[in-house]
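Below: the structure, in structure tokens.
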Amino acid sequence: NGSTLNMEQITAQLQNLGVSQIPTFPDVPLYPENNPIDIYRAFIIEQVHNITGAEPAVINNAVAWTQDLKHGDLVLPVPALRLKGKKPDELATEIAEKFECAALIEKPAAEKTFVRFFFKPGPLANLTLKYVLQKKMQYGFNSHLGLEDPTKPDSRRKKMIVEYSSPNIAKEFHTGHLRSTIIGGFMIKLYDAAGWDTTSMNYLGDWGKQYGMLSQGFEKYGSEGELKRDPIKHLNEVYVKINQDNAAEQTEAKKLAEKKDGLEKVKNPPKVKKPAKGKEAEAAPEHKWSEEQEKELQAAVKELEVVQEELVKRPSIDEKARQFFKRMVDGDKEALQYWQLFRDLSIDAYKKMYARLNIAFDDYSGESTVKVEDMEKAAQVLETKGISEDSKGAVIVDFAKHGAPKLGKTLIKKRDGTSLYLTRDVAANYERFERYHFDKMIYVVASQQDVHMAQFFKILQLMGSPYSDAVAKCEHVTFGMVKDPKGQTMSTRKGTVVSLADSLDAAKEFMHDVMRKNEDKYKQVEKPEATADTLAISAIMVQDYAGKMVNGYSFDMDRMTSFEGDTGPYLQYSHARICSMERKADVPHAQLLAADFGLITAKEGVELVRSLAQWPDVFLNTYKTREPVTVLTYMFKMTHLLSSCYDAKDAGNRNAKTMSVMYAESAEKRASLMALYDCARQVLANGMRLLGLTPVERM
Ligand code: ARG
């Protein structure tokens, strides 16, 4: 587990290097106890301030990390100092010349208007690796960020709600829900690591006419046994069947109506217009029926009448569903029994699936939990403020009248008085604000619902306080669609994807097969099934994180489960490989901590150290971008540097692997190398956990 860093040791080490105190600045939040790079920042700020007179906060904002280590560990773009008078390139040269921090930083180089800082390898390794070895699971994270006042460690933790996943019971758990689940899970982990007080919320689609459909379907096709065994699948099957029946019923009714129309037209041909004066009247086309035809016609008309009558007498599936839902709304116990059973069983099944994805919800809310009185209250506000209006008995909002013509019009209340998805969202937002007093709430919802989300937020804004106060703290995190490898959208109906559990199982089987191919290794894996599952889920998640959230991607089983390329299994392999090395080398942790990291001199090793030192800054940047790809890009860069270390050759002896723990020339070297690899493993594990992956030790 994570322990706290011994800052005294760090200070002592700095003193050995001839550095007495880490400078501090009242208005610059630096966290040297979390982030080794902040020690360097402090010295850079001090020096640049002394040389140029620029404000420390301005310098801190200007100093940036680099995309590629060959451009330096940190870089100062001089124009960002916003100093008047001197030309930026001249100032850059002046800063580079006067800069003095010999203990930690090489003499900087000016390049046009940039000053590039390269950290001295020995001290950097000695500092950074101590951070990793001591902070372990905590390395890189910064729990000050979620504080009301980040400079005061005892100030209040801010409250964050992330609403995500939110599937609809009985309808399919489609890839949109999967993506929301993966991204939302990441958001929660990110804000947890930043010290926010978070709540994971699932807002189930558990209310509406579909329950009326579902209960009819269950009576006709349902089985208690199947329901208990796999509620999600069974309810979906039942739901699909009853919808098919409903559709068939409607087509049938339509066909009959058309037939009737047709027959009537034949029987009573349209009247011919009166001929204009002076012209010969055109004779209406005459229908000559044989007696037989006439009989047939009469029979058909009779049959039609019977069916039509029947249709009127017997309510359609659709109508029955409406009535059933009305009973639920009115609190009819019998009607609600089904609903409760379906909901409870579905939640149990969801929980199992979520656990596979390292996700647990604090709150299963849902559309059913929104109080009628809160919807009424909102409706009142909308009406009295003149935001909504009557439209043929229904209530609508016309956004054009409120300065947002792009949002069109939307229905707020149906003619029969029942609420809608949007109405429920409005009231639910208010309820959450009352209950949690959140500082921020994020909705992770697919881009197909961008318009819905914009309408819903706009309505809250128009409603004024307290609704507008709440929505000011809300944000919609949107994301692109998942397609199949042919670029088609995936859906149960098309049979391209059955359910989340099925996709997870398919990926798991695939991984299991891959693992079985290496018999020796396979025998050593304690729980091969569980490992295969973990690998499969890593594959799915990493594929999801590989681009920006707004971009869609295609679900490609072959590509994502590959051990080559930037995939989940590759990250897992990198992690497991170090674990295996550690088992073989068996160096006690105390020896790792005491190692002399100055012995890491090969350029591959130095690069890896520099990369590991960046991790706290990468976390900080991820907190800003909130894009999982920020973490992932770093992790792949780092693992590539790691794998170059395995092959690093000694400059003097091209056959010797200079960074091999097994063949290290001394116990000291061995300890320092093992420590370096252990730190890489730790950073990998921390990044993977932040992304929701479970690092495996054997595979
Ligand atoms: N249940 C909805 C669906 O599957 C998503 C809910 C999104 N969240 C919200 N507050 N509207 O389409």
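The numbers here are math on the coordinates, done by the rules we state, and not lab data. Here the structure is a predicted model, which means the values were calculated and not measured. Cβ sites come from the backbone with ideal geometry, for glycine too, and all protein chains shown count toward neighbours.
What is the angle, in °, between the Cα long axis of helix 603-625 and the longest principal axis of the Cα atoms in the chain? Nearest 10 is fine, range 0 to 90. Tilt of helix 603-625: around 40 degrees.
Arrange the following residues from fewest to most other Cβ atoms within 10 Å of their Cβ: His452, His437, His177.
His437, His452, His177
Ranked by the mean number of other Cβ atoms within 10 Å of their residues, highest first, the peptides 249-262, 500-513 come out as 500-513, 249-262.
A straight line joining the Cα centroids of segment 288-361 and segment 403-462 runs 29 Å. Per-residue Cβ neighbour counts within 10 Å put Arg583, Arg424, Arg432 in the sequence Arg583, Arg432, Arg424, beginning with the fewest. Report, to the nearest 10°, how far helix 175-193 tilts away from the longest principal axis of the Cα atoms in the chain, using its own Cα long axis and a range of 0 to 90°. Roughly 40 degrees, rounded to the nearest 10.
For the chain, DSSP calls about 50 percent of its internal beta bridges antiparallel. Dipole magnitude for the chain: computed about the Cα centre from +1 point charges on Lys and Arg Cβ and -1 point charges on Asp and Glu Cβ, it is near 1020 debye.
Report the GluC sites (Glu not before Pro) located in segment 142-182 that are in a DSSP loop and have at most 13 other Cβ atoms inside 10 Å of their Cβ, or state none.
Of the GluC sites (Glu not before Pro), the ones in loops of segment 142-182 whose Cβ has at most 13 other Cβ atoms within 10 Å are Glu148.
Principal axis extents of the Cα atoms in segment 510-690, from largest to smallest and rounded to whole angstrom, are 49, 43, 32. Relative to the dominant Cα principal axis of the chain, helix 121-135 is inclined by about 50°.
Can you work out the FRET efficiency for the pair Ser391 and Glu111, with r the C-beta to C-beta distance and R0 = 56 Å, to the nearest 0.05? With a Förster radius of 56 Å, E is 0.30. Here's the list of aspartates and glutamates a cross-link from Lys413 could span, going by alpha-carbon distance under 18 Å and ignoring same-chain residues fewer than 8 apart: Asp330, Glu367, Glu373, Asp374, Glu376, Glu383, Glu389, Asp390, Asp398, Asp425.
Each of Lys473 and Leu297 was given a label point 7 Å from its Cα along the Cα-to-Cβ line. The distance between the two points is 7.4 nm.
Taking other C-beta atoms within 10 Å as the exposure proxy, Ser538, Ser346 rank Ser346, Ser538 from fewest upward.
Beyond a 21 Å Cα-Cα separation, which of these cross-linked pairs lie in this structure: Lys603/Lys657; Lys70/Lys548; Lys584/Lys637? Too far apart for the 21 Å limit: Lys70/Lys548; Lys584/Lys637. When the C-alpha to C-alpha distance is required to be over 25 Å, the pairs from Lys171/Lys313; Lys483/Lys508; Lys136/Lys189; Lys254/Lys333 that qualify are Lys171/Lys313; Lys254/Lys333. Only bridges whose two residues both fall in segment 388-487 count here: according to DSSP, what percent of them are antiparallel, nearest 5? Antiparallel bridges make up about 70 percent of those DSSP assigns within segment 388-487. Here segment 446-573 has an Rg and Dmax of 19.9, 67 Å, counting Cα atoms alone. Shown is the FRET efficiency for Ala530 and Lys228, computed with R0 = 22 Å from the Cβ-Cβ distance and rounded to the nearest 0.05: 0.35. Using Cβ point charges alone (K and R +1, D and E -1), the dipole size of segment 7-119 about the Cα centre works out to roughly 380 debye. Measuring between their Cα centroids, segment 616-689 and segment 497-569 lie 23 Å from each other. Could you tell me the distance between the Cα centroids of segment 145-173 and segment 63-89, to the nearest Å? After rounding, the separation between the Cα centres reads 35 Å.
Within the chain, the percentage of alpha carbon pairs spaced more than 51 angstrom apart rounds to 30%.
Within segment 7-119, the ratio Rg/Rh, alpha carbon atoms throughout and Rh by Kirkwood, equals 0.95.
Given charges of +1 on the Cβ of Lys and Arg and -1 on the Cβ of Asp and Glu, with all other atoms neutral, how large is the dipole of segment 510-690 about its Cα centre, in debye to the nearest 20? Could the numbers behind the result be given before it?
Details: 22 positive and 23 negative charges, 40 e Å.
Dipole magnitude for segment 510-690 comes out near 200 debye.
What the Cβ-Cβ distance of Glu94 and Lys120 gives, at R0 = 25 Å and to the nearest 0.05, is a FRET efficiency of 0.65.
Please state the shape class of segment 301-393: rounded when a/c is under 1.5, otherwise prolate if a/b exceeds b/c and oblate if not, all from the C-alpha gyration tensor. Oblate, since a/c reaches 1.5 and b/c is not below a/b.
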